[in-house]
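Read the structure below first, then the notes.
A short reminder: the numbers here are calculations on the coordinates, not readings from a lab. Keep in mind the model is a prediction, meaning the values are calculated, not measured. Virtual Cβ from ideal backbone geometry, glycine too; neighbours counted across all protein chains shown.
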């Protein structure tokens, strides 16, 4: 963080405000961070905060943040209230009816929090100063499992998203499905597992729905459900992984993709498959 | 086996290993060689690299050896890498630091220390495998607790958690820190978590012995 002058501790923000753009907070990581900053620029001791001065500057900073159209989160307001409370306590003479710690410095708890937070800030900086893998040093890559392409833009799908995708698939199939019909065909999870793995043997990845509907072919509900169970089973065995893209906001979006998991060899899931049946 | 040949084998194994490989694992494939001898060999290799101005060195991180480029080449390598270079925000670093020293911690405890919501940061750290869910705390609500993952040690070049830089004592508060009326903090006993650490840390511990510092 830059060290602005004491009379304009938030100058970083105000200067960019002149441009009329939405302004980002001048690097404050929260109310405690802002408070630490004020303490630093006022050159006072954390353990002996001139609470009236600091509280006032703190409120000014909040006002400025609001003026700049920054979203002043509730956390900032909470600390403002705490500061006001401490300030009022400081004005009162010590209450003789309270004993021991209770009648101590009303700033004590805040001081303890600030010191603790500062400690972690320091150590965070120290960690950042290390030679970090992927930033400062890079490993010999070996011939590891193929990395998932675009891994940065994808997350593994949770069971709820998967259930939702399946529900949608079922609904899509529902109305135009064949009227109830007793079928002699028996589908087993084991057979569907093999089908899924065969589909994945030919291609890097498949779309979830594509697998369910076997590349467009009309399928029965029983088959749909069994394929779904097969996919669940394979996921549990870690033979496959389920992935979904993220939009700019980091929200999972779009079709769910299924990929073979690099780590698990074919022998392994085949073996577990035979255990299963 | 000839010593020079042994050294070349160790070098080849470390070079081709996709992740840090332990001395014990290397010793398994080297006849008449124990883990501590593997360490000696690695030390010799690193000396050799320095002598001939190599562009890389062997680090010992997260319980294993890994060949890594020297930091001076980072500006070039960042441009070559397919993935975006590692970037950790201030929020991510602070949160990681708290988790590293206080683990296992709940989200509420993290938020208490930093004074801000931790949800987004936690998600991003989890996605990057730097932290993991380490179970629940057996208190009302059974909150999830977080701990650092093995990947954290790799990225930060640490052999084990105990190698973290020392957390500066709060001198001003003296030994009384725990007695300060910071109830929420003091009320965070560390031993209550159910699932203990996974095996990886245990491995790390067992090999901690005569660990040479990463290269140099």
message: Taking the number of other C-beta atoms within 10 Å as the exposure measure, put B:89, B:22, A:220 in order starting with the fewest.
response: B:89, A:220, B:22
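Relative contact order, percent, of segment B:3-78 when contacts are C-alpha pairs under 8 Å separated by at least 6 residues?
Normalised by residue count, the contact order of segment B:3-78 is 31 percent.
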message: Please compute the contact order of segment B:1-40 in relative form: average sequence separation of alpha-carbon pairs under 8 Å and at least six residues apart, divided by the residue count, as a percent.
response: 32 percent
- prompt: If you project the alpha carbons of segment B:3-78 onto the principal axes, what extent comes out on each, in Å, largest first?
  reply: 41, 25, 17
- prompt: For B:109, A:209, what ranking results if the residue with the fewest other Cβ atoms within 10 Å of its Cβ goes first?
  reply: A:209, B:109
message: Given a Förster distance of 25 Å, report the FRET efficiency between residue B:8 and residue B:81 from their Cβ-Cβ distance, rounded to the nearest 0.05.
response: 0.30
query: Among A:228, B:65, what is the fewest-to-most ranking by other Cβ atoms within 10 Å?
result: A:228, B:65
Residues residue A:131 and residue B:108, FRET efficiency given R0 of 30 Å [Cβ-Cβ distance, rounded to 0.05]: 0.35
